[in-house]
Each structure stands twice: as structure tokens, then as C-alpha cells.
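Take a look at the structure below.
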Amino acid sequence: MEPDTVPEVFPIESNAMSDSESLTSLSVEELEALADAQLVLTTQARLDELLARHAAQQLTAAELQELDRQLQQTDQLMILKTRARYTLSRLNVEALGS
């Protein structure tokens, strides 16, 4: 790579919604709901508890597995939220460009 070039993370194409990160099968309303999604309060409370106990090195093996599972699910939710926001932004760019 040349020193003065910046790699394209999300290349802009003539058909902006053709890239693999877009959630094109969802409606705008569904994308907005997904972008605003949050963990259920009880799930967030349990995750906070597990994280605090992990920091204090007080987790059982089963709780450590539960924490790993919850963190994986949280990561997946964050990825989906990001993809929903990305798709919404691409839709807004397309709408402004037409």
C-alpha cells in the first residue's frame, strides 16, 4: 500500500446497497428497531453481576461459561445494531442522491 493512501473499509459503489454488510431485506422500521435494540434489563443486570464477580475472580466454571455465552450474544447484538445503522445511513445517502 502506498504511504498516502487510505484503505477503503466500506467502498462506495454505484449500487450502494450491494455490499455484504447491508441488511437489505429489512424495512426501514425494522432497521430502526434493530439499531435501537438493547439488552433486556434482567439480562443486563446478570451480565453486570457476572462481570463484577469475574473481576473479583469469584466465578464458578459454569458461571464463566455463562459469561462467555452472554458476551458472545452481546457482541452479536452490537454487530447487528451496527449493520442496521450502516444500512440506514446507506439508504439515507441513496435517498439524498436520487
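The values are calculated or read from the model by the stated rules, or taken from the named source; none is laboratory data. From a predicted model like this one, the values you see are computed outputs, not experimental measurements. FYI the Cβ positions are ideal-geometry reconstructions off the backbone, even for glycines, and counts take in every protein chain you see.
Computed values, structure above
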item	result
Selection count, the stretch 45-72, where residues are acidic (Asp, Glu) and loosely packed, with under 10 Cβ neighbours inside 10 Å	0
Subset of the stretch 6-24 (residues that are within 30 Å of Asp68 (Cβ to Cβ) and either at pLDDT 50 or above or in contact with an Asp or Glu (Cβ under 6 Å, 6 or more places away or on another chain) (or both))	Ser20, Glu21, Ser22, Leu23
Residues within the stretch 33-44 that are part of a helix (DSSP H, G or I) and either polar (S, T, N, Q) or surrounded by 13 or more Cβ atoms within 10 Å (Cβ to Cβ) (or both), tallied	5
Residue selected from the stretch 21-39 under the condition more than 15 Å from Gln76 (Cα to Cα) and charged (D, E, K, R), by the criterion nearest to the chain's Cα centre (by Cα)	Glu32
Failed item, numbered, when Pro3 is tested on (1) at pLDDT 95 or above; (2) farther than 30 Å from Leu91 by Cα	(1)
Test result for Gln70, closer than 30 Å to Ser27 by Cβ, in contact with a Lys or Arg (Cβ under 8 Å, 6 or more places away or on another chain) and either of a type outside the set (Ser, Thr, Tyr) or free of Cβ contacts under 8 Å to residues at least 12 places away in the same chain (or both)	yes
